[in-house]
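Student: The structure's right below; bear with me while I get my questions together.
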Protein chains: 6
Amino acid sequence: MLIGIPKEIKVKEFRVGLTPNAIKTLVEAKHEVIVEKSAGEAIGYTDDLYKKNGAKIVSSSKEVYKAEMIIKVKEPQEKEFPLMHEGQMFFCYLHLASDPNQTKKLLEKKIVGVAFETITDDENRLPLLVPMSEVAGRLAIQVGATALQLNNGGKGILLGGIPGVRRGKVVIIGAGIVGVEAMKMALGLGAEVTILDRNLFRLREIDECMGLQ
Amino acid sequence: MLIGIPKEIKVKEFRVGLTPNAIKTLVEAKHEVIVEKSAGEAIGYTDDLYKKNGAKIVSSSKEVYKAEMIIKVKEPQEKEFPLMHEGQMFFCYLHLASDPNQTKKLLEKKIVGVAFETITDDENRLPLLVPMSEVAGRLAIQVGATALQLNNGGKGILLGGIPGVRRGKVVIIGAGIVGVEAMKMALGLGAEVTILDRNLFRLREIDECMGLQ
Amino acid sequence: MLIGIPKEIKVKEFRVGLTPNAIKTLVEAKHEVIVEKSAGEAIGYTDDLYKKNGAKIVSSSKEVYKAEMIIKVKEPQEKEFPLMHEGQMFFCYLHLASDPNQTKKLLEKKIVGVAFETITDDENRLPLLVPMSEVAGRLAIQVGATALQLNNGGKGILLGGIPGVRRGKVVIIGAGIVGVEAMKMALGLGAEVTILDRNLFRLREIDECMGLQ
Amino acid sequence: MLIGIPKEIKVKEFRVGLTPNAIKTLVEAKHEVIVEKSAGEAIGYTDDLYKKNGAKIVSSSKEVYKAEMIIKVKEPQEKEFPLMHEGQMFFCYLHLASDPNQTKKLLEKKIVGVAFETITDDENRLPLLVPMSEVAGRLAIQVGATALQLNNGGKGILLGGIPGVRRGKVVIIGAGIVGVEAMKMALGLGAEVTILDRNLFRLREIDECMGLQ
Amino acid sequence: MLIGIPKEIKVKEFRVGLTPNAIKTLVEAKHEVIVEKSAGEAIGYTDDLYKKNGAKIVSSSKEVYKAEMIIKVKEPQEKEFPLMHEGQMFFCYLHLASDPNQTKKLLEKKIVGVAFETITDDENRLPLLVPMSEVAGRLAIQVGATALQLNNGGKGILLGGIPGVRRGKVVIIGAGIVGVEAMKMALGLGAEVTILDRNLFRLREIDECMGLQ
Amino acid sequence: MLIGIPKEIKVKEFRVGLTPNAIKTLVEAKHEVIVEKSAGEAIGYTDDLYKKNGAKIVSSSKEVYKAEMIIKVKEPQEKEFPLMHEGQMFFCYLHLASDPNQTKKLLEKKIVGVAFETITDDENRLPLLVPMSEVAGRLAIQVGATALQLNNGGKGILLGGIPGVRRGKVVIIGAGIVGVEAMKMALGLGAEVTILDRNLFRLREIDECMGLQ
C-alpha cells in the first residue's frame, strides 16, 4: 500500500505521523512510504534519516496526499481538505465530537478515518491517548505557573510560596490522567492542591497511592 | 543530705519527682532519700521498687516535707505551702511567670527554688523542658482531634477527611517544639496545616526538613 | 410515593437518612417526603432547610412511619418496631447477620428491607459501605490513642513516642478498608504498625503503595 | 526625618520599597513619608492605601528624591543619578561588586548607601537577601522548564518525562539557598538532579534532610 | 495416600517441601507422610518437630521415593531420576521450559508433575511463584551491591555513593515482580535506578505508586 | 621537601595516600614526590598517571621510605617499622588509642605523626574522618545483610522481609555518622530499625529530619 506522511501545518505542531523506525517496519512489510520534505525536522528526524529507513521524500503535500493511507498527527486542517480524495484512509487524532465541520467534510469525502484517541487495547485502555494526556497534565502546571508570574501579566503568585509566604492554590477538576499528572506536578512545586471528581473510587485510589484527597 | 520525694497532689498528675533508678544514684552518693507512700504507683514504680533502690518509704507528705531538698514534678500546690520550711530547696517545674501567688509564697518562705523549665545545657538548650514540650505538642493534636468528634460535643470534623470529604484545617501559632510536634501529628492524621512564626529562619528549617511552610 | 425520614433515636447517632439536597431530587420526581422535626439538626440540616427543598416537617415519629418507604441510617430500634407496618420499605444499614432479633421482627412485619451495606455498583464495590469503613478506620486510631492516655485510664502510651521513648505498637487484623485506613493514621501518628491479613495479594498492594508489610 | 519611596523604573521591576504597613510604623515614630504616585500599584498597594497609613503621595520622582532617606528596591538607575543629592541615605539592593559605574556615582555624590543584600542578623544570616534567593531558586526551574518547551524554542524536553520517556537532567552549581530551592522544584517536577558544591558539609546537610547527593 | 518429603540435594538449597504444620493437615486428612531424615534441619524444622506433627522419619531418600506422591522444592536432580517410579506424582518447581533433559526423563517415567510455578488462583495470579520472585528481586540488589565491593573483586562502587561521590547506576530490565522488588531495594540503598519494560501501563502503575519512571 | 607515597600493604587495603591530582599541586609548589610502583593501580591510578602529574615512580618501599614525609592511608604496619627513620613525618590514619604497640614504635623512632582522623576544620568538624564514617556506615548494612543469608552461614533473614514475612530488626548503637548512615541503608532495605544514643538532642535531629526515633 502507498502510505503518505505529510508535514503538519497546524500552528505550533512540531510532531510527525511516524518515526523513521516505524517506517522501516512498514517498508519491510512491502509497503511504500512517502514522507513530505522536512516533515520531522523540528524534532530531529531529518529527511536523510527517513530515506535511510526506506522512505521516499517528496517535496509537496500534494504529492503526499496521493497516498491510499495518510498517517499524521492532527486532524486534517482547512487547507488540507482539498488534497484529500474519496476513500482515502486517515490515521490521526480526530476529536470529531467538538468539530462538526471536520466531521461533515470527512463524510462528504467518504474518508475512512481511524481516530488515534479512540484506539483501545484488550483491557479497554487507550494506548495512543494516554501519553498525550500525561504530557498535557504535566505541562499544564508548568504553563499555569508561568502564567501566574507578574512579568507575564499574572497575579505574581509563586505556586510553592516561600517560607513565610502562602503557597498558591490549585484546583483540579477531574481525576483522570490529565488531572492526576497535573496534580503531581502542582504538589511537586509545593502548591496546595484540591482535586475534584465525581468518581469516589478514583479519589480513593489517588488517596491510597498519593496521600491526597 | 535528706531528700524528699512527695506524692503529687495536683489533679491528673501521675508523674513522680524521681525514678527508682535515680534514687539509687543519690543513695550511692551518700544521700538519704525518703519517698511518700505510693508516690510512683500510677506509673508503675511501686514502693517496693523504691525500697530496693535504697529509699525509705514514709506514710505522709508531712514527713517528706521535713527533707532539706524536695524533688517533685509540679509547682507546690496551695495545700503544700504550709508543709514547706524556710531555706528548703525545691527542684520542680515552677512556671513562676504566670503565677504571682506562688512566687510570693516562695519568697516569703525563702525557698531556694530551681525551676526545671529553666535549666540549660552548655549549648543553651533546655533538656528538662524539651521532652515535656514534645509530649505536649504530640498530645495536643490527639486531644484536639478527639474534641472535634460530634459525640464529644465537637463540630464533627475528621482531621484527615476521607476521599471526597475535605480534610480539617489546623493552624499552629509558634514553630517551637510544641508547635512543630503538633504539626507533625496533624500532618500525620492528614489535616491541612498552616504553621505561623515570626522567626522566618525557623520556618525555613521546617520547610527544608519537612516540606511545609 | 410517600417517603418518610425519621429522626434517629439510637444513642450518639447524629446522622440523618437523607440530605436536604437529596430530598429536592425526590420531590422533583413527584414523590412526597416527610421529615421528622429536627431530624438533621445535629449536623446542621435545619427543618427550614428541609422545607426549602420541598419536604414537609412532621412532629412525631409516628407520623413519619406512616410512609410507604422509610429512609434512615441505623437499623430499626426496639422502640421503632411497633411503628412499622406490613409491606413497608426500609432503606438503611441493617447488619442482619449479627442481629437475629431484628431479622425476626422484619420477617414478621413482612418489611422490604434494603440494607445499605449490601448495595454494590457494577464493579461489585460497596459505595454505601466504603465511606463508613473509611471513617471507622480513621477514627479507630484516634479513639484508641485517646484511650491509651493515663488520664483516660490507659497505660500512658503515646503512639508516636518521643525521641528517646519507644513508640507504641499497633497490630491491625485485616487489611480491608477499615484496617488500611487505621494503618495510615497509626503510621501518621508515628506508631510501629503490623498489619495482618490472610490475603497476601492485598498485603502486596499495601506494600507496593505504602511501603509497609 | 523625611523619607521618600520612589516608583521603581527598572524594566519588569514591580516591587516597591516599603509596604503601607511599614509606613504606618515610621509615621507613628514621627517620620514624614512621601510616596511617588502609583509606586505600589502593580502589586496591589494603591495610593489610597498608602495615604490611609500616613504617607503623602507626590506626583514626581523629583519630589520624592528631595527626601533625606530613600527606601527603594533596586539600585539607582542611570536616570535616577541626577535626582540624588549629596549625603542622601539609600536603603536598597545595591550589588556594587559587579557594578563599578554605580559605585563611582555613589562615591561622587557622597551617598550613604545601605545595601539590603549585606544586612546580617545576630547569627550572621542575611534576612533581606535570603527571601530573594528563595524566590530566585524556585522561579529558576519554572523559567528553565518553560524555556525547554519546543514552542518556546527549546529542545522539547519535559523535566519529569512521562512513563517510558526519560526525565530531563538538571545540574545545579552551588548548594546555597538559590541552588537548594531550585533543586527542590526540579525534584518536584520529576527531573534527575545533580547538585554540586565544594562544601561537602553542606551536601551532607542536604543529603540528611532531602535524601539526595 | 503415601506422601514423601525428600531432603533436597541441590547445592545451597536449604528449603524443604512441606512445613511440619502442613504435614499435620495431611495426616488429619488420613494421609501417611514420610520425611527424610534432617530434611528440614537447615531452616529449623527438626525431625522431632515433624514427628510431633504426625510424620514418619525415614533414613534414606530411597525409602522416601517409594511414596505415591513426592512434595519437594526443586526439580528432580540427576541423582534422583533412578529413584522415581512410573506414575509417581511430583509437586515441586519444575521450570521445564529451559530444561529438555528433565522433561524427557519425566516423560519416560510417566511422572505426573505439577509445577509450582504454574499454579494460578482464580484471578490468574501465581501464588507459589510470586513470593519466590519477591525474594529473588530483593536479594538481587543485596547480592549485586556486595559484588561491586572492591574486596569481592568488584569495581569499588557503593550503590548510594556518599555526599560528594556519585551514586551507582542500576538498570533493571523488566518491571515484573522481580524487577520492581529489586528497584525498591536499589532505591532504598540510594542508587540511581532506571527500569525498562515494554509494557507502558506497568510503568505507569509504578510511576503512580512509586514516583519513578 | 621529598614526599613519599608507599603502596599500602595491609590486607584488602586498596586505597593510596594521594591522588595523581594532589601530587600535581605539590609538585607545582616545588616539592618532589616519589610514588611506589603500582601504588594506585587497584583503584585505577596507574603509574603513568602519577608520572604525568609530576611524580617519580620508584620500585621499592625502601626507596619511598627515604622521604622526609610519608603520606599514606593506614597506620604503619609491622613490616614497615624498620623502614621508618627518626624525625620522619607521617600523614595517615593512626588510631593510636587502641594500638599501644604502634604508639610505642612511633615514639621510639621519634616520628612526627599527623593522624587524619584527628584533623578538624574551623568548625571543629572532621573532614578526613567523616567520609570514611559515611562509607563505613553504608557498607555496614550491606555487609550485615549479606551475612544474614543462609548460604553465607547466616540465619536466613531478609532485612526487608516480603509481604507476609516479618522484616528483620536492626539495632544501631550510637547515632553518629556511622550509625545514621547505617540507619538510612537499613531503612532503605525495609528493616525495622531502632537507633540508640545517649544524646537526646541528636535523636531529635534525626527524628525531625528522618521521622524515626
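Student: Heavy atoms of the protein only, probe of 1.4 Å, neighbouring chains included. What is the accessible area of A:GLU68 in Å², nearest 10?
Tutor: Using a 1.4 Å probe on the heavy atoms, I get roughly 90 Å².
Student: Could I ask something else about it? Run through the stretch E:59-110 and list the trypsin sites (Lys or Arg not before Pro) located in a DSSP loop whose Cβ has at most 11 other Cβ atoms within 10 Å.
Tutor: Of the trypsin sites (Lys or Arg not before Pro), the ones in loops of the stretch E:59-110 whose Cβ has at most 11 other Cβ atoms within 10 Å are E:LYS110.
Student: Sticking with this one: Compute the signed sum of charges (Lys and Arg +1, Asp and Glu -1) over the other residues within less than 13 Å, Cβ to Cβ, of D:PRO6.
Tutor: +3
Student: Continuing with this model, one more query. Taking C:VAL143 in one copy and the same position in all the others, each labelled 7 Å out along Cα→Cβ, what are the pairwise distances from the first, in nm, shortest first?
Tutor: 2.2, 4.9, 4.9, 5.1, 5.5
Student: Lys and Arg at +1, Asp and Glu at -1: add these up for the other residues within a Cβ distance under 12 Å of F:ALA186 and post the number.
Tutor: +2
Student: I'd like the accessible area for F:LEU126: 1.4 Å probe, protein heavy atoms, all chains in place, Å² to the nearest 10.
Tutor: F:LEU126 has an accessible surface of roughly 60 Å² with all protein chains in place.
Student: Here is a follow-up. So what are the ³J(HN,Hα) numbers for the stretch F:161-177, from phi and the Karplus equation (6.51, -1.76, 1.60; θ = phi - 60°), rounded to whole Hz, Gly and Pro as x?
Tutor: Per residue, the Karplus-derived 3J(HN,Hα) values read x, 9, x, x, 10, 3, 6, x, 9, 10, 10, 10, 9, x, 9, x, 5 Hz.
Student: Then there's this: Under a Cβ-Cβ cut-off of 10 Å, what is the net charge of the residues other than E:LYS74 that fall near it, where Lys and Arg count +1 and Asp and Glu count -1?
Tutor: Once positives and negatives cancel, what remains is -1.
Student: While we're here: With everything on Cα atoms, drop me the angle between helix A:130-147 and the longest principal axis of chain A, reported from 0 to 90° to the nearest 10.
Tutor: Long axis of A:130-147 versus the principal axis of chain A: about 50 degrees.
Student: State, to one decimal in nm and shortest first, how far the label point of D:LYS155 sits from each corresponding label point in the other identical copies (label point: 7 angstrom along Cα-to-Cβ).
Tutor: 2.3, 3.5, 5.1, 5.1, 5.8
Student: As a quick test, which of the pairs F:LYS24/F:LYS74; F:LYS7/F:LYS105; E:LYS12/E:LYS169; F:LYS10/F:LYS110; D:LYS7/D:LYS110 have an alpha carbon distance above 28 angstrom in this structure?
Tutor: Violating the 28 Å Cα-Cα cut-off are E:LYS12/E:LYS169.
Student: Same structure again: Within 10 Å of each candidate Cβ there may be at most 11 other Cβ atoms; applying that plus a DSSP loop requirement, which trypsin sites (Lys or Arg not before Pro) in the stretch C:153-208 survive?
Tutor: Here the trypsin sites (Lys or Arg not before Pro) that fit, given the DSSP loop and packing criteria, are C:LYS155, C:ARG198.
Student: Here's another thing I want to ask about it. Calculate log10 I(q)/I(0) of the stretch D:35-83 for q = 0.25, 0.29 Å⁻¹, where I(q) comes from the Debye formula with a single equal point scatterer on each Cα and nothing for solvent.
Tutor: Log10 of I(q)/I(0), two decimals: -1.06, -1.24.
Student: Measuring from the lowest to the highest alpha carbon on each principal axis, how far does the stretch A:1-71 reach, largest first, in angstroms?
Tutor: Result, largest extent first: 33, 23, 16 Å.
Student: Once the Cα atoms of helix E:200-210 and of chain E are each reduced to a long axis, what angle between those two axes, in degrees from 0 to 90 to the nearest 10, is obtained?
Tutor: So the helix axis and the longest Cα principal axis differ by about 80 degrees.
Student: Run the quick spin-label model on C:GLU86 and F:SER60: label points 7 Å from Cα toward the beta carbon, then report their separation in nm to one decimal.
Tutor: About 11.9 nm, to one decimal.
Student: For chain C, what's the relative contact order in percent, using C-alpha pairs closer than 8 Å and at least 6 residues apart?
Tutor: 13
Student: Using a basic spin-label model with each label point 7 Å from the Cα along Cα→Cβ, how many nm lie between E:ASN152 and F:VAL143?
Tutor: Here the modelled spin labels are 1.3 nm apart.
Student: Solvent-accessible area of E:SER38, probe 1.4 Å, all protein chains present, reported in Å² to the nearest ten, please.
Tutor: For E:SER38, the solvent-accessible surface is approximately 20 Å².
Student: If you don't mind, another one. Report, as a whole number in µm² per second, the diffusion coefficient that Stokes-Einstein gives for the protein assembly as shown at 10 °C and 1.306 mPa s using the Kirkwood radius over alpha carbon pairs.
Tutor: The Stokes-Einstein estimate is 41 µm²/s.
Student: If I compute solvent accessible area with a 1.4 Å probe over the protein chains, what percent of it on the protein assembly as shown is carbon and sulfur?
Tutor: Carbon-and-sulfur percentage of accessible area, whole number: 57.
Student: Using a label point 7 angstrom from Cα along Cα-to-C-beta, what distances in nm, from shortest up, separate D:LYS30 from the other copies?
Tutor: 6.6, 6.7, 8.4, 10.3, 11.0
Student: I want to make sure I understand the PRE zone here: with the label point 7 angstrom from the Cα of E:HIS31 toward its beta carbon, which residues in the stretch E:127-153 have backbone N atoms less than 20 Å away?
Tutor: In the stretch E:127-153, the label zone of E:HIS31 (backbone N under 20 Å from the point 7 Å along Cα→Cβ) covers E:127-129.
Student: What ranking of C:LEU49, D:LEU189 comes out by heavy-atom accessible area, probe 1.4 Å, highest first?
Tutor: Result, largest first: C:LEU49, D:LEU189.
Student: Scattering from the C-alpha atoms of the stretch A:139-213 alone, worked out with Debye: what is log10 I(q)/I(0) at q = 0.21 1/Å?
Tutor: -0.88
Student: Counting C-alpha atoms alone, how compact is the stretch D:60-124: give Rg to one decimal and Dmax as a whole number, in angstrom.
Tutor: 12.0, 40
Student: In addition: Excluding ligands, DNA and RNA, what is the solvent-accessible area per residue of the stretch C:78-171 at a probe of 1.4 Å, expressed in Å²?
Tutor: In whole numbers, the stretch C:78-171 has 54 Å² accessible per residue.
Student: While we're looking at this one, here's another question. Taking the square root of 5 times each eigenvalue of the Cα gyration tensor, what semi-axes in Å does the equivalent ellipsoid of the stretch E:79-194 have, largest first?
Tutor: Semi-axes, largest first: 40, 18, 10 Å.
Student: Let me ask another. Using only atoms on other chains, find how many Cβ atoms lie within 10 Å of each Cβ of peptide E:162-172 and report the average.
Tutor: Partner-chain Cβ atoms within 10 Å, mean over residues of E:162-172: 5.
Student: At C:LYS110 and F:SER38, where each label point lies 7 Å from the Cα along Cα→Cβ, what is the point-to-point distance in nanometres?
Tutor: It works out to 10.2 nm between the two label points.
Student: Quick check: convex hull over the Cα atoms of chain B, volume per residue in Å³, rounded to an integer?
Tutor: 174
Student: Nearest 500 deg cm²/dmol is fine: what mean residue ellipticity at 222 nm does chain D get from its DSSP H runs of n ≥ 4 alone, each adding -39,500 (n - 2.57), divided by its residue count?
Tutor: Per the formula, -9500 deg cm²/dmol.
Student: For chain E, give me the percentage of DSSP beta bridges that are antiparallel, rounded to the nearest 5 percent.
Tutor: Of the beta bridges lying entirely in chain E, close to 5 percent run antiparallel.
The values are calculated or read from the model by the stated rules, or taken from the named source; none is laboratory data. All values reported here derive from a predicted model rather than from experimental measurement. FYI the Cβ positions are ideal-geometry reconstructions off the backbone, even for glycines, and counts take in every protein chain you see. Heavy atoms of the whole protein, side chains included, go into the accessibility calculation; ligands, DNA and RNA do not. Shrake-Rupley method; radii C 1.70, N 1.55, O 1.52, S 1.80 Å.
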